[in-house]
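A short write-up of the structure that comes next.
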Amino acid sequence: MTIQTRPLWKLRLGQRLPRWLLGAVAAAGLLASARYAIAPPHPTIAVQAQRSTPDLAAEGFASLFAREYLSWDGGDLEVRRRLLEPFLGEGLALEAGMQLPAGGSQRVLWDEVVQEREPRPALHVYTVAAETEPGGGLVYLAVSVLHRHGGPLRLASYPAFVGAPATGAARPVALEGSEIEDRGLETVVSRALRNYLAPAPSELAADLVPGAVIATPHLRLSLERVESLVWASADVVVAVVEARNAHTSQEGPRYTLAYEVEVQRVSGRWEVAAIEASAASEDR
């Protein structure tokens, strides 16, 4: 039998260590419970941005109302009232509050929705531009339309004459890229645009990537010169060109035009994939 001697402190440590470890685990659990009770963690929820789609029904409703509201004949009020009645019902005053003179008339030559805002869900406010004659000229009418999901289209208030949407000086950001110094690329883009404007689809096809089909414009133009070529992105060139109307034998107007041309490097040469995003694959 072999007798080994050990220090007393090692024996006491061996006896107390399991209790200390158990106490530490219990303390950690209590601290975690307290933390969850005082400040519980909040899960991170990814919110995907909702892209609102145009409400074509409400937009058309606003346009139709604007046309009927701005068209009138002071000598035949009954016809006007019948045309406006479906829009007004009993919610708004007769003829939408417009008091007409005993004579005179006005008609709308054209109208178009030029601006939209949605101050709250289901409520759309459209600004309708309308060319009227005689005398009225171009006017802008704000029309409020209430259109809840699955519900009918309703006017939400009386219309309002407003100013035109805010405009500012042109800012040609698409022309701010770096100039192109690749002569081969310049040649391909110039030739492609010349055949695109002519239009000469068969000649244009020689500069297209395999499978790409580009619809040429109906207006026949003659490319006079390319003013500038700049990179808009890694594979899109913006070309500013001068062209003239070649549809008739007479001297036609001249245009300065800007085209976005998508290009690709295929087997060492540049080829065109799209002009003004007008391209489709034959396999589609």
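Using label points projected 7 Å from each Cα along Cα→Cβ, tell me how many nm separate A277 and V226, to one decimal.
Simple spin-label model gives 2.3 nm for this pair.
Can you give the FRET efficiency to the nearest 0.05 for D235 and D76, using r as the Cβ-Cβ distance and R₀ = 51 Å? Working shown, then result.
Details: r = 61 Å, r/R0 = 1.19.
Step by step, r from the Cβ atoms, then E = 0.25.
Find how much the distance from R117 to L56 grows on full extension, using 0.36 nm per residue of separation minus their present alpha carbon separation; answer in nm with one decimal. Numbers along the way, then the final one.
On the way: separation 61, 0.36 × 61 = 21.96 nm, distance 1.37 nm.
Extra length available between R117 and L56 comes to 20.6 nm.
So between A206 and E179, what do we pick up on full extension, going 0.36 nm a residue minus the alpha carbon distance? Could you put the intermediate results ahead of the total?
Details: separation 27, 0.36 × 27 = 9.72 nm, distance 2.50 nm.
Fully extending the segment from A206 to E179 adds 7.2 nm.
Give the Rg (one decimal place) followed by the Dmax (whole number) of the stretch 65-129, computed from C-alpha coordinates and expressed in Å.
13.6, 42
With a 1.4 Å probe and all protein chains left in place, how much accessible area per residue does the stretch 94-177 have, in Å²? Please list the in-between numbers first.
Numbers: 5310 Å² over 84 residues.
I get 63 Å² per residue for this part.
Give me the percent of the accessible area of the stretch 154-284 that comes from carbon and sulfur atoms, probe 1.4 Å, all protein chains in place.
Working: 3930 of 8040 Å².
Using a 1.4 Å probe with all protein chains present, the stretch 154-284 comes out at 49 percent carbon and sulfur.
With a/c under 1.5 counting as rounded, go ahead and sort the stretch 136-284 into rounded, prolate or oblate using the C-alpha gyration tensor (a ≥ b ≥ c being the square roots of the eigenvalues; past the cut-off, prolate if a/b is larger than b/c, else oblate).
Numbers: a/c = 2.17, a/b = 1.83, b/c = 1.19.
Prolate, since a/c reaches 1.5 and a/b exceeds b/c.
Can you tell me the relative contact order of the stretch 140-284? Whole percent, Cα pairs under 8 Å, sequence separation 6 or more. List each step's numbers first, then the result.
Numbers: 244 pairs, mean separation 28.2, N = 145.
That works out to 19 percent.
Apply the a/c threshold of 1.5 to the C-alpha gyration tensor of the stretch 80-177 and tell me whether it is rounded, prolate or oblate. Walk me through the numbers on the way to the answer.
Working: a/c = 2.99, a/b = 1.35, b/c = 2.21.
Cα axes put the stretch 80-177 in the oblate bin.
Report the FRET efficiency, 1/(1 + (r/R0)^6), for A246 and A156, where r is their Cβ-Cβ distance and R0 is 51 Å, rounded to 0.05. Can you show the working numbers first?
On the way: r = 51 Å, r/R0 = 1.00.
Efficiency computed from Cβ-Cβ geometry: 0.50.
With every protein chain kept in place and ligands, DNA and RNA left out, what is the accessible area per residue of the stretch 218-273? Probe 1.4 Å, answer in Å².
Result: 59 Å² of accessible area for each residue.
Find how much the distance from L138 to A215 grows on full extension, using 0.36 nm per residue of separation minus their present alpha carbon separation; answer in nm with one decimal. Intermediate results must be reported in sequence, preceding the final value.
Working: separation 77, 0.36 × 77 = 27.72 nm, distance 3.48 nm.
Computed gain between L138 and A215 is 24.2 nm.
Just how far, in whole angstrom, is the stretch 121-156 from the stretch 212-235 if you go by their alpha carbon centroids?
Using only Cα atoms, the two centres lie 38 Å from each other.
Sum up the charges of everything whose Cβ sits under 10 Å from the Cβ of L223, counting Lys and Arg as +1 and Asp and Glu as -1, but leave L223 out. Working shown, then result.
On the way: positive: R191, R194, R225, R244; negative: E224, E242.
Charge balance in the 10 Å sphere: +2.
The values are calculated or read from the model by the stated rules, or taken from the named source; none is laboratory data. Just so it is clear, the model here is predicted, and its values are computed rather than measured. Don't worry about glycine lacking a Cβ; one is built from the backbone with ideal geometry, like all the others, and counts go over all protein chains shown. With ligands, DNA and RNA removed, areas are computed over all heavy atoms of the protein, side chains included. Shrake-Rupley method; radii C 1.70, N 1.55, O 1.52, S 1.80 Å.
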